[in-house]
Every structure is written in C-alpha cells, then in structure tokens.
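Undergrad: The following block contains the structure, expressed as structure tokens.
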Amino acid sequence: FSSGEVLWCSLYIVASVIALLTSPTYNLDAGFGSLAAGNILFLIISAAKNSVFMTLWIAFDQMVVYHRFLGHVTVATAIIHSCFYLDRLLVFMSDNIYKTGFAALLCGIFIFVTSISFVRRRFFNVFFWSHFAYIGFIVAVYLHARGARPFILTAVTFHGLDKIVQILSNRPRQTTLIKKVG
C-alpha cells in the first residue's frame with residue numbers, strides 16, 4: 001500500500017463507521033449487513049476493467065488494490081453481521097432469510113480464502129475460477145435482504161455495462177485488403 005492508498009482506505013473505514021453509528025433507522029446487527037450490501041456496489045465497480053474510475057485516470061493495477069481492500073471489508077462486515085444472528089441460525093435455518101444469508105456468507109468466505117496471497121500466487125486458476133462464486137453471492141444477498149437490492153441491481157448493471165464495453169472493444173475490426181497491381 002502506498003501512503004495515498006492507506007489514506008483513501010482509512011477515510012473509507014471512517015466514513016463507514018460514521019454511517020454505521022449515525023444511522024437513525026439501523027441497529028448494529030442490521031447496520032453491518034447494510035454496510036456489507038453497500039460495499040458490494042463498490043467492490044464490483046472496482047473489479048471492472050472499464051470502470052467509471054478508469055475515466056478518472058486510475059489505472060486498473062491501482063484499482064485492484066481497492067478491490068482487494070473492499071473485498072476484505074465486505075467479508076468482514078458480513079461476518080460481523082452474521083455473528084449477531086448465530087444464536088438464531090440453527091433454530092431458524094428453515095427460514096429463507098437465514099438460508100440465503102448463510103449461502104451468501106459461505107460464497108464470500110470461499111472467495112476471500114481463495115484470494116489470500118498464497119493461494120492467488122501459487123494456484124492462480126483456483127483464485128480465478130473461485131471468483132465465479134460471486135454469482136451465488138450476489139443472488140443470495142439479493143434474496144436475503146430487500147434493502148440490499150438497489151445496491152445489487154446497480155452493481156449488476158455496472159458489471160453488465162463493463163462486459164459490453166469489453167466485448168465491443170475486443171471485437172475484430174473490419175479491414176479491406178487491396179491487391180496492388182504491378
């Protein structure tokens with residue numbers, strides 16, 4: 001981390017804590033869930049190769065630092081959120097809200113564990129392919145909490161637009177060959 005990256009990440013943590021502590025409608029258990037859901041939007045945007053942030057002249061290599069940071073924050077806040085409900089998990093596991101929350105948490109932890117530097121560097125394919133668990137994570141969070149849906153839908157929209165831009169910018173260009181006579 002450079003000093004600028006540490007500054008931005010610290011400011012992000014401070015803003016998150018302020019949002020958590022000053023929200024009049026949330027208590028801590030739901031508040032950590034809301035933070036996790038809100039972080040998903042920034043997590044997905046920071047992973048995009050054609051991100052809005054790229055237009056701000058932030059290189060993709062630099063954006064990966066923020067993506068990793070946001071991934072850690074998202075999983076940490078999701079774990080804290082779930083700790084508030086551990087006593088009810090086994091009793092209410094038949095409820096969809098607990099099933100979907102647990103599924104989202106497992107997907108997030110799976111991605112996190114396979115993103116650890118040791119795994120990422122030695123087993124890149126495991127790291128790469130495990131990231132497709134984000135689909136299960138996104139779907140489970142969407143089904144878990146209505147309040148998360150605007151963040152999820154916005155993140156999915158950004159991700160879809162990024163993929164469209166990638167496809168259009170990587171398609172072969174049409175060329176015309178002219179035979180030179182003589």
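Undergrad: Taking only C-alpha pairs under 8 Å that are 6+ residues apart, what is the relative contact order of segment 10-106 in percent?
TA: Answer for segment 10-106 is 30 percent.
Undergrad: Please state the charge dipole magnitude for segment 90-182, taken about the Cα centre, from unit charges on C-beta atoms (+1 on K and R, -1 on D and E), reported in debye and rounded to the nearest 20.
TA: Roughly 640 debye, rounded to the nearest 20.
Undergrad: Ok, one more. What shape does segment 85-140 take by its C-alpha gyration tensor, where a ≥ b ≥ c are the square roots of the eigenvalues and a/c under 1.5 counts as rounded, a/b above b/c as prolate, and the rest as oblate?
TA: Judged from the Cα gyration tensor, segment 85-140 comes out prolate (a/c at least 1.5, a/b above b/c).
Undergrad: If packing is taken as the average number of other Cβ atoms within 10 Å across a peptide's residues, how do 108-115, 8-15 rank, most packed first?
TA: 108-115, 8-15
Undergrad: Using the alpha-carbon atoms, what tilt in degrees (0 to 90, nearest 10) does helix 28-47 show relative to the longest principal axis of the chain?
TA: For 28-47 against the chain, the angle is about 10 degrees.
Undergrad: Can you give the extra length, in nm with one decimal, that the chain gains between Arg171 and Arg121 once fully stretched, where that is 0.36 nm per residue apart less the Cα-Cα distance?
TA: Gain on stretching Arg171 to Arg121: 15.0 nm.
Undergrad: Leaving out ligands, DNA and RNA, and with a 1.4 Å probe, what % of the accessible surface on the chain is carbon or sulfur?
TA: Carbon and sulfur together cover 71 percent of it.
Undergrad: Still on this structure, please answer the following. Report the calculated FRET efficiency for Val64 and Ile178 (r = Cβ-Cβ distance, R0 = 45 Å), to the nearest 0.05.
TA: 0.55
Undergrad: Run the simple label-point estimate for Ser94 and Leu153 please: 7 Å along Cα→C-beta, distance reported in nm.
TA: According to this spin-label approximation, the distance is 3.2 nm.
Undergrad: Using just the helices of the chain, give the 222 nm mean residue ellipticity in deg cm²/dmol: DSSP H runs with n ≥ 4 each add -39,500 (n - 2.57), and the total is spread over all residues, rounded to 500.
TA: -24000 deg cm²/dmol
Undergrad: If you compute semi-axes √(5λ) of the Cα gyration tensor in Å for the structure shown, which of (1) 52, 22, 15; (2) 36, 20, 17; (3) 51, 12, 11 do you land on?
TA: Among (1) 52, 22, 15; (2) 36, 20, 17; (3) 51, 12, 11, the one derived from this structure is (2).
Undergrad: Okay, next question. Compute the accessible area per residue over the chain, keeping the other protein chains in place, probe 1.4 Å, unit Å².
TA: Accessible surface, normalised per residue, equals 67 Å².
The values are calculated or read from the model by the stated rules, or taken from the named source; none is laboratory data. Computed from a predicted structure; not experimentally measured. Cβ coordinates were reconstructed from backbone atoms using ideal geometry, including for glycine residues, and neighbour counts include every protein chain displayed. Ligands, DNA and RNA are excluded from the accessible area calculation, which covers all protein heavy atoms including side chains. Shrake-Rupley method; radii C 1.70, N 1.55, O 1.52, S 1.80 Å.
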